[in-house]
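The values are calculated or read from the model by the stated rules, or taken from the named source; none is laboratory data. Everything numeric in this text was worked out from a predicted model, so none of it was measured. Ideal geometry is used to build each Cβ from the backbone, glycine not excepted, and the neighbour counts take in all protein chains shown.
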Ligand code: AMP
């Protein structure tokens, strides 16, 4: 796979994804391809630091292709069965909160692949930070083999019921192809900083 994106402002991407393998070979294989794609485009992978499940696959895809991979793992998860020992760098945090902040600080954008509670929690926290104007970085869902179809339908319902603003919905970029998703992330225009955030400075 050749490099497709050059001279861009995304140097690193945090990937949130399952710590289980799951049973869908398409999803499992695509996780590896995402790592490979990031490596080939010289984008550093930042992730949860585990060798398990889809997390391990993304890391493998990047490392097999000479990519830079940084794991950020809380101390309590650092047991031998979990932590990936072959990463470019591994950062240990005191807890989950510090980990999320660290992953945020190290990354120019975020992608959620299929996952469970942990993935959803990470995706929605980073979306919420974006909605509050705490960061202006692009966030994408890779809708691998339609995994996120039902969630996307739920988000449409939130919009219809007036519980989610269109401008906030637009913070979430979606594609079923990694190259297309990265392109959307490169073109992403963040929301203007909310007025109330600058209140003290005016
Ligand atoms: P889940 O989707 O519930 O499998 O959780 C995956 C997400 O939660 C990953 O993006 C990680 O940041 C975190 N996580 C869950 N389990 C682990 C684990 N065993 N080791 C490292 N991180 C994990």
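Looking at the stretch 121-135, which of its residues are touching a strand residue (DSSP E or B) at 6+ places or on another chain (Cβ under 8 Å) and surrounded by fewer than 16 Cβ atoms within 10 Å (Cβ to Cβ)? Write out each step before concluding.
Kept after step one, since they are touching a strand residue (DSSP E or B) at 6+ places or on another chain (Cβ under 8 Å), are these residues of the stretch 121-135: 122-123, 126-127, 130.
Of everything in the stretch 121-135, nothing turns out to be touching a strand residue (DSSP E or B) at 6+ places or on another chain (Cβ under 8 Å) and surrounded by fewer than 16 Cβ atoms within 10 Å (Cβ to Cβ).
Could you check, for the stretch 144-151, whether at least one of its residues is crowded, with 17+ Cβ neighbours inside 10 Å and under 18 Å from residue 35 (Cα atoms)?
yes
Please determine, by comparing only the residues of the stretch 75-103 that are near the ligand (Cβ under 9 Å from one of its atoms) and under 18 Å from residue 123 (Cα atoms), which one is surrounded by the most Cβ atoms within 10 Å (Cβ to Cβ).
103
Restricting the first residue to the stretch 45-71 and requiring it to be touching a residue at least 40 places away in the same chain (Cβ under 8 Å) and on the phi > 0 side of the Ramachandran plot, which pairs with a second residue that is more than 8 Å from the ligand (Cβ to nearest atom) and assigned to a helix (DSSP H, G or I) meet a Cβ separation below 9 Å and a spacing of at least six or different chains?
Listed by first residue and then by second, the contacts come to 49/59.
If you go through the stretch 46-59 one residue at a time, do you hit one that is surrounded by fewer than 24 Cβ atoms within 10 Å (Cβ to Cβ) and more than 10 Å from the ligand (Cβ to nearest atom)? Quick ask: steps written out before the conclusion?
Going residue by residue through the stretch 46-59, those that are surrounded by fewer than 24 Cβ atoms within 10 Å (Cβ to Cβ) are 50-53, 56.
Now restrict to residues that are more than 10 Å from the ligand (Cβ to nearest atom): none.
Taking every residue of the stretch 46-59 in turn, none turns out to be surrounded by fewer than 24 Cβ atoms within 10 Å (Cβ to Cβ) and more than 10 Å from the ligand (Cβ to nearest atom).
Which number in (1) under 26 Å from residue 60 (Cβ atoms); (2) away from the ligand (no atom under 16 Å from the Cβ); (3) touching a residue at least 12 places away in the same chain (Cβ under 8 Å) marks the one condition that residue 180 misses?
For residue 180, the exception is condition (3).
Which is at pLDDT 95 or above and more than 23 Å from residue 125 (Cβ to Cβ), of 37, 47? Let's see the steps before the verdict.
Working: 47 fails: more than 23 Å from residue 125 (Cβ to Cβ).
When all the criteria are applied, what remains is 37.
What about residue 33, is it surrounded by 15 or more Cβ atoms within 10 Å (Cβ to Cβ), touching a residue at least 40 places away in the same chain (Cβ under 8 Å) and away from the ligand (no atom under 15 Å from the Cβ)? Talk me through it step by step, then tell me what you get.
On the way: surrounded by 15 or more Cβ atoms within 10 Å (Cβ to Cβ): yes; touching a residue at least 40 places away in the same chain (Cβ under 8 Å): yes; away from the ligand (no atom under 15 Å from the Cβ): yes.
Spelling it out, residue 33 is indeed surrounded by 15 or more Cβ atoms within 10 Å (Cβ to Cβ), touching a residue at least 40 places away in the same chain (Cβ under 8 Å) and away from the ligand (no atom under 15 Å from the Cβ).
Count, please, the residues in the stretch 95-114 that happen to be touching a strand residue (DSSP E or B) at 6+ places or on another chain (Cβ under 7 Å) and farther than 13 Å from residue 14 by Cβ.
The total comes to 2.
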